[in-house]
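Engineer: This is the structure I have questions about; it appears just below.
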Amino acid sequence: MGNVFPPDFAALEPFADWAVRGERARYAKRVSSTMEELQAFYDVAYPLLQQHTEYLENLSLDGISDEDKRLLWAFCALVTVAFPVEAWGQPRVPDSGPSSIDAVVEPAV
Amino acid sequence: MAHFPKPSEGSWTEHFKIDTGPVSYADSISPEFYELERDAIFRRTWLNVGRVEQLPRKGSYFTKELDAARASVVVVRGTDGEVRAFHNVCRHRGNKLVWDDYPREETKGTCRAFTCKYHAWRYDLEGKLIFVQQESEFFGIDTSKYGLMQVQTEVWEGFIFVNLDPENTTPLKTYLGKFAQGIDGYPFHKLTQVHKYRAEIGSNWKLFIDAFAEFYHAPILHAGQYESGEAAKIKKYGYEALSYDIDGPHSMVSSWGGIAPPKEKAMVKPIERVLRSGLFGPWDAPDIGMTTEELPPAINPTRNEVWGMDSFVFFPNFMLLIWRPNWVLTYHYWPTSYNTHIFEGTCYFVPPENGFQRLQQELAAVTFKEYGLQDGNTLEATQTMLESRTVDQFPLCDQEVLLRHLHTTTQNYVREHQLRNAEAPVS
Ligand code: FES
Ligand SMILES: [Fe+2]
């Protein structure tokens, strides 16, 4: 089997399960994870995002490869995971109780 | 300490001649009042049900559940390219005409005609009845009399509105008034990248508008969204709008730019720093064919250099937010009972040119959602305590002027409706 992500992002391979399509599913994965799991993914993904800004700026969305698509999904997951790690200190939004806001329309990629 | 000038009366509330006394919120906790609102407001005013981009082709359609108005409508682009709306009711025995597996869920698609699931009566895209199963069994049926019931439909800047009251002949643009006129020309059609969210909220619809029509709560309820040193500074600073305005039932608040981009990068969270994006959207505004200075006059009405965004409240339930970095957010609040409603929040961006821009937009959309979760859940706490009727007089500050206006307007609509009905001859 080939790599899940483009070669520059090999460090992300152990976190391939974060390449989840759709905000709703990514959020569900976030709230069902522990802070340790979120932190571990964040600690690898955040520096990669920082180092490879230019790669992403040159990444066209037309005819995007499967590897790049999964890379974007993983970074979208990083966006979701950044809230617990950088702000909340817990997977759920504080004081959000049982409430949910669900994505019902999303971009194709 | 005042940061921005106020009208000569000393406050916005007095300037707009709105009462400054405490408010009761009886209009948000009463099943009886809600029943009145349904007829007085949701069956009588122009309601935004979607955008023209949702109907890309001839035969494209979507349904919209208007529970508060006791209606479901199907909105469709006809073979002539026109956008029309019909009551979603079959003329034979009243079945719901367009739905998928779940009759209460909204749906969308493309078709050449609408066929009823019950006995296969068929209607063309203009609503004409074109097929009756075993027509000869009927009693000289005149099919021209059994077309779909059409609903008034008008489009403003790509936003599709319906009006269920055949007697309300006020054109949409007249109803939307000076704010809409002053927004005309904003290139909404370029903002076709859509992230849409939906939530069921356990509060009266007006309470959520209240939460989004003031930013007085932002430094407090959302303090956790900021770097902690920053949160303390923001709390001390408090919140003041650049300006407020009211036009008939509608209102708006114009706000300063927050932290996008921040003076120092240390002010924002690491993810915002690396993606150059956040609550106020991607910091680098995409080209929409006009500069901030060239935006239509109702946007940044005070032409303030520190302007960041405007929130327009189009009565009853449509809010339009225009952000300095050239993106748009809309809110809809669809009542389902006196203490529940469905909230919709939709982000509109210029389509991203690359993977990085896609991530910048994701961060803006997700930030809105994280805030929304805090707002929505807080409202359930508010609703239950209002319903306890322990307290029935609540003071509102000048930064909450739009709330007073919303509740006053709602009560006026209901009162006028009651007067009209009282005057109407008994039939
Ligand atoms: S109810 Fe629609 S065809 Fe009979
Ligand atoms: Fe809020």
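The values are calculated or read from the model by the stated rules, or taken from the named source; none is laboratory data. Small disclaimer: the values here were computed from a predicted structure and weren't measured. Note: ideal-geometry Cβ built from the backbone for every residue, glycine included; neighbour counts use all protein chains shown. When the accessible area is computed, the model is the full protein with side chains, heavy atoms only, and any ligands, DNA or RNA have been set aside. Shrake-Rupley method; radii C 1.70, N 1.55, O 1.52, S 1.80 Å.
Engineer: Please give the length that would be gained between B:GLU200 and B:GLU167 if that part of the chain were fully extended, namely 0.36 nm times their separation in residues minus their C-alpha to C-alpha distance (nm, one decimal).
Structural biologist: Stretched out fully, the B:GLU200 to B:GLU167 stretch lengthens by 8.7 nm.
Engineer: Given region B:273-427, what whole percent of its Cα pairs are spread farther than 24 Å?
Structural biologist: Tail of the P(r) past 24 Å holds 51 percent of the pairs.
Engineer: I need the calculated FRET efficiency for the pair B:ALA381 and A:ASN58, taking r as the beta carbon distance and R₀ as 41 Å, to the nearest 0.05.
Structural biologist: 0.30
Engineer: While we're looking at this one, here's another question. Just the number, please: carbon plus sulfur as a percent of the accessible area of region B:76-121, 1.4 Å probe, no ligands or DNA/RNA counted.
Structural biologist: Roughly 44 percent, rounded to a whole number.
Engineer: Work from the charge dipole of the protein assembly as shown (Cβ charges, +1 for Lys and Arg, -1 for Asp and Glu, about the Cα centre) and give the residue of B:PHE86, B:PRO187, B:GLY202 farthest towards its positive end.
Structural biologist: B:PHE86
Engineer: Take the alpha carbon gyration tensor of region A:47-88, find the square roots of its eigenvalues, order them as a ≥ b ≥ c, and report rounded if a/c is under 1.5; if not, report prolate when a/b exceeds b/c, else oblate.
Structural biologist: prolate
Engineer: Using a 1.4 Å probe on protein heavy atoms, which residues of region B:327-356 have at least 30 Å² less accessible area in the complex than alone?
Structural biologist: With the partner chains in place, region B:327-356 has these residues losing at least 30 Å²: B:ASN354, B:GLY355, B:PHE356.
Engineer: Only helices at least 30 Å long along their own axis, judged from Cα atoms, and with Kyte-Doolittle mean hydropathy of -1.0 or greater: name those in chain B from DSSP H.
Structural biologist: Passing helices, by number: B:355-387, B:401-423.
Engineer: Assuming R0 = 22 Å, what is the FRET efficiency of B:LYS190 and A:ARG24, from their Cβ-Cβ distance, to the nearest 0.05?
Structural biologist: E(calc), rounded to 0.05, equals 0.25.
Engineer: Same structure, new question: Could you work out how far apart the two model spin labels at B:ILE141 and B:THR336 are, taking each label as a point 7 Å from the Cα in the direction of the beta carbon, and quote it in nm?
Structural biologist: 3.4
Engineer: Principal axis extents for chain B, Cα atoms only, whole Å, descending order, please.
Structural biologist: 79, 56, 35
Engineer: Restricting attention to chain B, give the cysteines that have no other cysteine Cβ less than 4.7 angstrom from their Cβ.
Structural biologist: Unpaired cysteines in chain B: B:CYS111, B:CYS347, B:CYS397.
Engineer: Another question, then. In whole Å, what is the distance between the alpha-carbon centres of region B:157-196 and region B:234-295?
Structural biologist: 24
Engineer: Report the residues of region B:92-112 in range of a label on B:PHE131: point 7 Å along Cα→C-beta, backbone N strictly under 15 Å from it.
Structural biologist: Under 15 Å, as judged by backbone N against the label point of B:PHE131, lie B:111-112 of region B:92-112.
Engineer: Determine, from the Cβ-Cβ distance of B:ALA26 and A:GLN90 and an R0 of 30 Å, the FRET efficiency 1/(1 + (r/R0)^6), rounded to the nearest 0.05.
Structural biologist: So the FRET efficiency works out to roughly 0.20.
Engineer: Only counting protein heavy atoms at a 1.4 Å probe, give the residues of region A:84-106, ordered by number, whose accessible area falls by 40 Å² or more when the other protein chains are present relative to the chain alone.
Structural biologist: A:GLU86, A:TRP88, A:VAL93, A:ASP95, A:SER99, A:ILE101, A:VAL104, A:VAL105
Engineer: Something else now. Report, in debye and to the nearest 20, how large the dipole of region B:115-249 comes out about its Cα centre when Lys and Arg carry +1 and Asp and Glu carry -1 on their Cβ.
Structural biologist: 420
Engineer: Let me ask something additional. Find the accessible area per residue for the protein assembly as shown; the probe is 1.4 Å, ligands and nucleic acids are left out, and the unit is Å².
Structural biologist: Spelled out: the 1.4 Å probe surface of the protein assembly as shown, per residue, equals 44 Å².
Engineer: Considering protein heavy atoms only and a 1.4 Å probe radius, which residues within region B:372-418 exhibit an accessible-area decrease of no less than 30 Å² in the full assembly relative to the chain by itself?
Structural biologist: B:LEU373, B:GLN374, B:ASN377
Engineer: Let me ask something additional. Roughly how many percent of the accessible protein surface of region B:231-311 is carbon and sulfur, given a 1.4 Å probe and a whole-percent answer?
Structural biologist: Reported share for carbon and sulfur atoms: 55 percent.
Engineer: Then there is this: Taking the Cα of A:GLN50, stepping 7 Å toward and past its beta carbon, and measuring to each backbone N in region A:1-32: which are under 19 Å?
Structural biologist: Residues passing the 19 Å test: A:8-13.
Engineer: Could you check how much of the accessible area of region B:130-227 is carbon and sulfur, as a whole percent, using a 1.4 Å probe?
Structural biologist: Ligands and nucleic acids excluded, carbon and sulfur give 51 percent.
Engineer: Can you give the helix-only mean residue ellipticity at 222 nm for chain B, where every DSSP H stretch with n ≥ 4 adds -39500 (n - 2.57) and the sum goes over all residues, rounded to the nearest 500 deg cm²/dmol?
Structural biologist: So the helix-based figure for chain B works out to -8000 deg cm²/dmol.
Engineer: Once the Cα atoms of helix A:66-82 and of chain A are each reduced to a long axis, what angle between those two axes, in degrees from 0 to 90 to the nearest 10, is obtained?
Structural biologist: So the inclination is approximately 30 degrees.
Engineer: Between the alpha-carbon centers of region B:322-389 and region B:42-81, tell me the distance in whole angstrom.
Structural biologist: 22
Engineer: Taking 27 Å as the cut-off for C-alpha to C-alpha distance, list the pairs among B:LYS17/B:LYS235; B:LYS64/B:LYS128; B:LYS178/B:LYS369; B:LYS108/B:LYS190; A:LYS29/B:LYS64 that go past it.
Structural biologist: Pairs exceeding the cut-off: B:LYS17/B:LYS235; B:LYS178/B:LYS369; A:LYS29/B:LYS64.
Engineer: Starting from the 7 Å offset along Cα-to-Cβ, what nm value, one decimal, do you get for the label separation of B:ASP284 and B:LYS108?
Structural biologist: With each label placed 7 Å out from Cα toward Cβ, I get 3.0 nm.
Engineer: Averaging over all projection directions, find the projected area of the Cα convex hull of the protein assembly as shown and quote it in nm² with one decimal place.
Structural biologist: 29.1
Engineer: Most mobile of B:LEU148, B:LEU47, B:LEU242 per a Gaussian network model of chain B (Cα springs, under 10 Å)?
Structural biologist: B:LEU148
Engineer: Please compute, for peptide A:69-75, the average count of beta-carbon atoms on other protein chains lying within 10 Å of each residue's beta-carbon.
Structural biologist: For this peptide, the per-residue mean of nearby foreign Cβ atoms is 2.
Engineer: I'd like the distance separating the alpha-carbon centroids of region A:48-109 and region A:1-32, in whole Å.
Structural biologist: Taking the Cα centre of each part, region A:48-109 and region A:1-32 sit 10 Å apart.
Engineer: For the B and A pair, go ahead and give the buried accessible area with a 1.4 Å probe, both sides summed, in Å² to 100.
Structural biologist: 3400
Engineer: Also, quick follow-up: Any idea how far apart B:THR302 and B:ALA223 come out in nm if each label point goes 7 Å out from Cα toward Cβ?
Structural biologist: Distance between label points: 2.6 nm.
Engineer: Under a point-charge model restricted to the Cβ atoms of Lys and Arg (+1) and Asp and Glu (-1), what is the dipole moment magnitude of chain A relative to its Cα centre, in debye to the nearest 20?
Structural biologist: With only Lys, Arg, Asp and Glu charged at Cβ, the dipole is about 380 debye.
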